[in-house]
Every structure is written in C-alpha cells, then in structure tokens.
Amino acid sequence: MTAVVLGRPAVADDAPAAAAPPAVVPPVLRVGTEGTYAPFSYHDAKTNKLTGFDIDVMNAIGKRLGVRVQYVEIPFDGIFAALQSKRIDVVANEITRNPEREQLYDLSAPYVETTGVVVTRKGNDTIKSLADLKGKRSGQNVSSNWAEVARKAGAKVVGVEDLSQAINSLENGRLDALVNDKLAVRNYLALNPDARIQVVQETEDRGESVLAARKGSGYMPQIDAAIAQLRADGTLKKAYDTYFTAKPKPVTNWQLAKDSFWPMVQAAVKRTIPLAIIAFGVGLVIALFVALARMSSQPWFSAPARLFVSIIRGTPLLVQLFVIFYGLPEIGIKFNSFVAAAIALSLNVAGYAAEVVRAALESIPRGQWEAGSTVGMDYRTTLRRIILPQAARTAVPPLGNIFISTVKDTSLTALILVLEIVRTAQNAAASTQKFFPVYVVAAVIYWVICLALSFLQSRAETRLSRFVIA
C-alpha cells in the first residue's frame with residue numbers, strides 16, 4: 001500500500017530549470033470538492049464536519065503553503081464549471097489525470113494512485129471482465145474517468161450521480177455492471193457488508209489522482225513541492241492508512257436517521273423556509289407588475305411581460321438555477337449560492353404567479369374600477385383599496401399552492417451548493433452510503449412543513465371569504 005502513495009516523484013522535481021517563477025498561491029485557497037464521495041470527501045455522520053482523504057491532504061498542503069483552505073462543496077458534474085467561472089481555485093475530488101484534462105487544466109503531481117474494478121450483481125456469471133461489458137448497461141457518472149473506461153470497453157453508459165445510486169440500480173437489475181474506483185467500492189462494501197454485489201475484476205487502468213487548477217494559474221509548482229514534502233515525511237501514508245486500511249464501522253439505519261434528523265431540521269429553519277419566504281415575497285411583487293403589464297393595451301408593456309412569462313414557464317427551474325449560478329459569472333456577474341437561488345426562485349414564482357394575479361384582477365367587474373373613479377380615486381388608489389382586496393380572495397388558493405411548491409422546489413438548490421434539507425441529507429448519507437433512511441427523514445420534514453402551510457392557507461381562505469355574499 002505504501003507504493004500506492006509513495007510510488008511516483010513529484011512533478012515539481014522534473015520541471016525544467018528555465019521554467020517561469022511560480023505565481024503566488026492565494027492567501028485563501030478555495031477548494032472545490034463534492035462532500036458526498038466517501039471516503040475521499042464526505043461529512044462525518046455525527047459531527048457533520050467535512051472530512052475524508054482528499055480533505056486531509058488539502059489541509060496538509062495548505063499548512064505547508066501557509067494559506068487558509070476554504071472548501072466549496074459542489075456536485076461533481078458542476079465542479080469544473082465552478083473552476084472555470086472562478087468560484088474556486090483548485091479541485092480536490094479524486095480527479096484522475098487524462099490527456100483531455102491535461103490540455104484544459106493545470107494538474108498537480110499525483111498524491112495517490114489506485115485502479116478501477118468491475119462490479120456486478122451477485123450471481124451474475126455473464127460478466128467476468130471489462131471485455132464482457134460490450135453492449136451491457138454500465139452505471140457511471142458521465143463526466144468521470146471511469147465512464148470513459150466503460151465506453152472504451154463497449155458498454156452502454158447510463159448516467160448516475162454517485163456510486164450509491166449506481167449500486168442501488170445494479171442490485172435492482174436496472175444496470176448490468178459498473179466500473180469505479182477500487183478504494184471507493186471497498187469502502188462501500190465495508191459499510192454495507194450485505195450488499196448484493198461482487199467485484200469480478202480489477203482493471204489494468206491505473207488512476208493517478210491529482211489536483212486541478214485553471215490553465216495558467218501558475219501556482220501548481222508550489223503545490224507539487226508541498227505534495228513531495230508530504231510524501232517524504234509520511235503524511236500521505238498516514239492519511240492513506242486512516243481511510244483505506246482501517247475498516248469503517250457500519251451504522252444502522254435507525255442510528256443514521258436519528259443522527260441526521262436535527263441537522264436537517266436546522267437546515268429547514270436556516271435555509272429552506274427563509275429561502276422560500278424571500279422568493280415568494282419578491283416573486284409576488286414582480287408578478288403584480290408583470291400582470292398589470294400583461295393587461296395593458298400598450299404593446300411595449302404587454303409584449304415584454306408575455307415574453308417574460310413564456311421564458312420562465314417554458315424553461316426548467318434547474319436550468320434557470322444553472323444559468324444564474326454557473327453561466328452569469330462567465331460574463332462577470334457573480335452571486336453567492338443563496339442569492340443566486342433566491343433570484344432564480346423569485347423569477348420562477350413571478351412567472352407562474354403573474355398569470356394567477358392577472359386572472360384574479362380580470363375577474364373583478366369593470367364597474368369596480370368605474371366606482372373608484374366616480375368617488376375621485378386615481379388608478380393606484382382604486383387598485384390598492386378596491387381591486388386588490390377583492391382579487392385576493394380569488395388568488396389566495398392558487399398562490400398558496402405556488403408557495404408550497406416553492407418550498408419543495410428549494411430542494412433543487414442543493415445542486416448549486418445551498419445547504420438546505422436535501423444537501424444536508426446527502427452529506428449525512430455520504431459517510432455511510434445509506435440513503436434510504438436519510439431521505440425518508442427528509443421527506444417527513446418536507447411533509448410536515450407543507451402540512452403546516454396547507455393549514456395556514458385554509459385559514460387565510462376562510463378569513464378572506466368571511467364577508468363574501470353567497
């Protein structure tokens with residue numbers, strides 16, 4: 001095992017003498033990592049603290065360089081987009097060196113080497129090696145190096161988010177096999193000894209795990225030197241033994257559900273509910289202006305409003321989140337994850353609520369507007385004191401449904417780093433690779449929140465209809 005960590009000298013030792021002087025490493029080094037890929041990067045189930053082999057290595061590198069390491073947790077499919085948009089400086093997530101990545105990014109010297117394994121369901125004798133994957137369904141993260149290994153073997157790659165999802169699909173017959181990191185699979189089997197899977201072959205493809213930075217960053221030589229020092233003084237070997245030699249202790253479903261409950265409640269109070277309230281409040285204000293513009297007889301008001309509603313209702317919320325969080329930084333507009341989520345959700349609420357508000361306003365008889373004008377009220381006063389109070393009775397039920405949907409839609413913001421209920425659930429499950437009990441707890445929390453909101457909506461409807469003539 002020592003050879004796995006110590007087997008290759010640092011790239012910095014092989015650098016040409018005439019190389020340009022290295023750039024200064026940022027005093028706060030922002031490191032992108034998944035936080036859900038045990039045992040490399042995950043949250044401890046009891047403390048919720050980010051830990052793992054890659055985390056220990058980066059902490060040691062930061063100490064050697066005299067910089068503070070700040071972790072930014074990002075789903076793997078978005079991790080390189082975050083690097084290119086300058087949200088992070090370095091990727092530390094068991095990134096495998098390959099020619100494509102060498103062209104696009106500055107890569108460090110390897111800090112650990114491993115190999116892949118072919119995994120099938122227990123009892124499946126038709127697949128015994130990579131050569132048998134031709135035409136078979138292999139579950140892979142489509143942007144990973146192991147997906148490319150499976151493709152070269154002729155497999156039909158089926159996209160999955162993580163190893164646990166792939167293994168679950170494999171056990172249930174939705175996949176024929178998977179190819180993944182030997183260390184990650186070994187960790188999964190240690191935590192889930194009853195898993196109905198088997199390792200049938202260790203591949204010849206050895207993966208060199210490296211750190212990645214933007215092309216031309218200039219500070220990889222310093223990181224390489226730090227890796228060489230960690231290799232020489234035994235720090236890499238110690239970290240390897242901690243996570244890959246010691247056998248992890250399995251955790252029961254009940255213990256995991258109990259440990260994850262309170263962190264998810266805190267996430268609901270601190271992130272999910274405030275985010276939904278902000279998005280609904282801001283979205284409702286925008287919706288009122290859009291609805292009034294839609295009702296205008298002037299095309300330069302109504303046409304942009306129609307276009308806004310068409311775009312919001314015609315594109316998925318997830319795409320809107322990605323455009324705001326990952327796309328806008330490429331043109332110099334950058335928001336933190338919470339603000340980006342609030343903007344996207346507010347616009348989404350506005351797009352749907354605008355039509356509800358417009359329908360409610362148009363349901364008020366024209367005579368009500370004329371009555372306001374008769375007693376000397378201007379347009380704004382009539383709208384505020386006569387039209388909106390009556391329209392509210394019609395609009396509250398559908399708007400209440402939009403608010404409840406917004407609470408549930410906040411779960412999508414986990415994909416842009418917002419630490420709400422779902423992201424907290426992912427963190428809690430990553431260390432044990434048991435997702436069922438954690439997501440059941442998350443579902444119960446969402447259900448309780450929506451049940452309370454439904455009760456409040458019912459009370460609001462009753463109150464607003466109190467003086468309506470039957």
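Structure values in brief
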{"quantity": "Packing-based exposure ordering (other Cβ within 10 Å, fewest first) of L133, L275, L104", "calculated": "L104, L275, L133"}
{"quantity": "Considering only the stretch 114-205, percent of DSSP beta bridges that pair antiparallel, nearest 5", "calculated": "65 percent"}
{"quantity": "Of all DSSP beta bridges in the chain, antiparallel share, percent nearest 5", "calculated": "65 percent"}
{"quantity": "Mean separation of Cα contacts under 8 Å, 6 or more apart, over the residue count of the chain: relative contact order %", "calculated": "19 percent"}
{"quantity": "Lysines whose Cα lies under 25 Å from that of K134, excluding same-chain neighbours fewer than 8 positions away", "calculated": "K122, K152, K156, K182"}
{"quantity": "Largest-first principal axis extents, alpha carbons of the stretch 253-464, Å", "calculated": "70, 46, 23"}
{"quantity": "Ranking of I311, I324 by count of other Cβ atoms within 10 Å, fewest first", "calculated": "I311, I324"}
{"quantity": "Dipole of the chain [Lys/Arg +1, Asp/Glu -1 at C-beta], most positive-end residue of A257, V149, G35", "calculated": "A257"}
{"quantity": "11 Å beta-carbon shell around D89, net charge (K/R +1, D/E -1)", "calculated": "+3"}
{"quantity": "Cα-based shape type of the chain, given that a ≥ b ≥ c are square roots of the gyration tensor eigenvalues and the cut on a/c is 1.5", "calculated": "prolate"}
{"quantity": "Fraction of antiparallel bridges per DSSP, the stretch 26-89 only, in percent to nearest 5", "calculated": "40 percent"}
{"quantity": "Helical mean residue ellipticity (222 nm; -39500 (n - 2.57) per DSSP H run of 4+; nearest 500) of the chain", "calculated": "-16000 deg cm²/dmol"}
{"quantity": "Distance from the stretch 211-278 to the stretch 114-138 (C-alpha centre basis), Å", "calculated": "29 Å"}
{"quantity": "Cα-based Kirkwood hydrodynamic radius, the stretch 114-205, one decimal, Å", "calculated": "12.6 Å"}
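Rule-based calculations on the coordinates, nothing more; no lab input. Everything numeric in this text was worked out from a predicted model, so none of it was measured. Neighbour counts are summed over all protein chains in view; Cβ atoms, including those assigned to glycine, are modelled from backbone coordinates with ideal geometry.
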